[in-house]
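Worksheet: the structure to be examined is printed underneath.
The values are calculated or read from the model by the stated rules, or taken from the named source; none is laboratory data. Bear in mind that the values here come from a model prediction, so they are computed numbers and not experimental data. Note: ideal-geometry Cβ built from the backbone for every residue, glycine included; neighbour counts use all protein chains shown.
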Amino acid sequence: MSKLFSSRLNRLLLAGIIVLLSLYLGIIWQANAIPRINKVPVKNVSANISQSMEKGISLNVDGETFKLTGEDIKRWTQIYTRRYSGEQDIRLNTYEMLEYINSLAPIVNSEPSNAKFEMTDGRVGIFQPAIRGKRLDIHGSVFALASALRNGSNSADLVIEELEPEITLEKVNSLGINKLLSRGESDFSGSSSARIHNIKIGSVRFNGILIKPGEEFSFNKILGEVDGANGYLAELVIKNGKLALEYGGGICQVSTTLFRSAIYAGLPIVERKPHSFPVRYYNPQGFDATIYPGVVDLRFTNDTPSYILVQSKIQGSKLIFEMYGSSDGRTVAVQSPVQYDQKRSGAMKAYFMRSISYADGQTKEERFDSVYKAPVKAQEKNPME
């Protein structure tokens, strides 16, 4: 028994020695097989950044140049000591750089502008080309500026993202504009030269615009600021039920005429308000729409299946708005305005009816009411909205 036990023990010891020897040899082989990694020193950029601080740096962005002095760059830097080497270096504060690049965005950014079109001899043509917009790529520009500073460069090209306009000449053929949907007009004869001037300036703002299917149109949004800087003259307007001299008197001739065109096109009217009292330029009374930026707007929706092209023009003393699009089979009937409850003071009420028949057989009847106060005496002597 003892000899058998001793033999087994010897075999186990021998096996253990063989295993240990194999492990040892394997470790040695692996150590020799793994390539040695050479340490690469980290580039010290302090000299390059100092060079940029000494000369300054020019930022180029879409044809414009912004010059930065050494003091500007210095505010973005911080001296520190590397832990593993003990060397001094300079690092950039990218948060401060981000704030600076952000401050340039309002100067650089611009919104794209859609092309404007006109309908001539039944065909849509362009009269104002589309303009690309641009937007400053903040993070990309910070990276470009930081790279230039670390390389000691004296200039950096900031990154611009181009914004494509929604409507271009190339896209117009697919818009489905092929039919005159409606025509609205009004007569401004007897207006002062300032009032006529404002009507011309205001109506041009709406000439050639496109309204997308399902889009809600806002008169004030397209109109923009009404002031001397935008070419308007001071003229009498109705404000708080009284006459007041303000820039843009006569703009309501534009909103009224566009309202009439929207009515004849059978478009849903979202917001419309009549004037405070009757104005002779808007005969027949009851078919007008006043606006006042920030207070009263004219809004309607394009519920047709295609884009609508709005075109304005002046023929003699008449302002005309036409809407072009594609027919969806609807027909529109508009009853002439009816005036009633007329007072000796000039106060009155009025209404008109609109009937719309759709291709699917549905119909809609609408009534548009107007209530007018007695006009002020000054109206007899002065032109108004």
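Structure summary
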quantity	calculated
Scope segment 350-362; condition surrounded by 10 or more Cβ atoms within 10 Å (Cβ to Cβ) and free of Cβ contacts under 8 Å to residues at least 60 places away in the same chain; matching residues	M353, S355, S357, Y358, A359
Per-region count, segment 167-187, residues surrounded by fewer than 20 Cβ atoms within 10 Å (Cβ to Cβ) and either modelled with pLDDT of 80 or more or closer than 16 Å to P305 by Cβ (or both)	8
Residue within segment 218-232 that is more than 17 Å from Y292 (Cα to Cα) and of a type in the set (K, R) present	no
Subset of segment 286-319 that is under 13 Å from F259 (Cβ atoms) and among the hydrophobic types (A, V, I, L, M, F, W, C) - its residue that is surrounded by the fewest Cβ atoms within 10 Å (Cβ to Cβ)	V296
Of all residues in segment 111-130 being outside any loop (DSSP other than H, G, I, E, B) and either touching a Pro at 6+ places or on another chain (Cβ under 9 Å) or at pLDDT 90 or above (or both), the one that is nearest to L163 (Cα to Cα)	S113
Near pairs, Cβ below 7 angstrom, 6+ apart or cross-chain, from segment 296-313 (without any contact (Cβ under 8 Å) to a residue 40 or more places away in the chain) to any residue that is buried (at least 21 other Cβ atoms within 10 Å of the Cβ)	V296/T290
Unique residue being in the same structural domain as I314 (by TED's automatic domain parsing), closer than 23 Å to D303 by Cβ and without any contact (Cβ under 8 Å) to a residue 24 or more places away in the chain when the list is I211, I269, I222	I222
